[in-house]
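Taken together, the values in this text are just the output of simple stated rules run on the coordinates, not laboratory data. In this text, all values refer to a predicted model and were calculated from it rather than measured experimentally. Every residue, glycine among them, receives a Cβ derived from its backbone with ideal geometry; neighbour counts consider all protein chains shown.
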Amino acid sequence: MVADEILAGEQRRVAGLVELRSLEAVPDFVVGVDAAYVDDDDNQVSVAVGSAVVVDTKSFEVVEEATSTMSVMGYRPGLLGLREAPVLLAAIDKLSTVPELVVCDGHGVAHPLRAGLACHVGVGLGVPSVGCAKELFVGDHGELGRERGAVEFIVEGGEVVGAVVRTRNDVKPVYVSPGHLIDVEACVRVVLALTPRFRLPETTRAADQLARRAEKTVRL
DNA sequence: GCGACAG
DNA sequence: ATCTTGTCGC
């Protein structure tokens, strides 16, 4: 279909704008984003509620929250960024805080076209972004140690696109990859710094809770 | 051709 | 992602 070619082109455009570079220190405040949906009967359109939270990386307290709602295209593997990034960016825009680093619930360059959700958010904002997903999408990696802090690179097509990180002892790991203006090594440091108690980053947990809280308020 | 497929 | 209470197990 012609529409698919347009979407693929947009994905390639974003991938072409991604820049990988080191990021030394984890900022004092990190933004977490997520979304909850009310799917339409078919799966062509959905009402999405995007959420953005600002978390203090020292106390892990949420210091600011914002949400945004809009209709978006239905879900399709590989196109999450096109579906979700717009609502997330709208929610981030409502924050009074200027984002220094954004953590997304999905992959960054560990994507077939190197254009995961975190890439769309980072490029769209011009701010460093990290992708932290709960499931592997592309690539392979060696066996991971069972203790918190264990790390294995995710390799696809001969290149390192991310890392598998064990955030809690004997608990299913998370899959991290750069979205924009950051590198794999820094992504690992950021995710470990944001997981003092649970498997997922505090930013993701807070954003997830806010999104589903706001989603229940949506009236059709 | 077949299977797999983030959230 | 979403439908969803109690319950099994450490």
* Structure fact -> For A:ARG21 and A:ASP140, extending 7 Å from Cα along the Cα-Cβ vector and measuring point to point gives, in nm, a value of 3.4
* To do: Find out how many positive minus negative residues lie around A:ARG189, taking Lys and Arg as positive, Asp and Glu as negative, among other residues whose Cβ is under 11 Å from that of A:ARG189.
  => -3
* Mind checking which helices in chain A clear 27 Å along their axis (Cα) and have mean Kyte-Doolittle hydropathy of -1.0 or more, DSSP H runs only? -> none
* Asked: Given R₀ = 30 Å, FRET efficiency for A:ALA8-A:GLU100 by Cβ-Cβ distance, to 0.05?
  -> 0.40
* To do: Apply 1/(1 + (r/R0)^6) to the Cβ-Cβ distance of A:TYR75 and A:ARG213, taking R0 = 25 Å, and write down the FRET efficiency to the nearest 0.05.
  => 0.70
* In square nanometres, what is the average projected area of the Cα convex hull of region A:2-215? -> 11.4
* Fully extended contour minus Cα-Cα distance, from A:VAL45 to A:GLU147, at 0.36 nm per residue -> 32.6 nm
* **Ranked A:SER68, A:SER59, A:SER177, criterion: other C-beta atoms within 10 Å, fewest first** => A:SER59, A:SER68, A:SER177
* Rough spin-label spacing in nm, given labels placed 7 Å along Cα→Cβ, for A:VAL171 and A:GLU61 -> 2.3
* Answer rounded, prolate or oblate for region A:162-208, using the Cα gyration tensor with square roots of eigenvalues a ≥ b ≥ c: rounded when a/c is under 1.5, else prolate when a/b is larger than b/c, else oblate. => oblate
* Asked: Over chain A, what is the mean sequence separation of C-alpha contacts under 8 Å (at least six apart), divided by residue count, expressed as relative contact order in percent?
  -> 22
* Of the residues A:VAL121, A:VAL54, A:VAL45, which exhibits the maximal mean-square fluctuation in a Gaussian network model of chain A defined by a 10 Å Cα contact cut-off? -> A:VAL45
* To do: Kindly give Rg over Rh for region A:4-107, based on alpha-carbon atoms, with the Kirkwood expression for the hydrodynamic radius.
  => 1.01
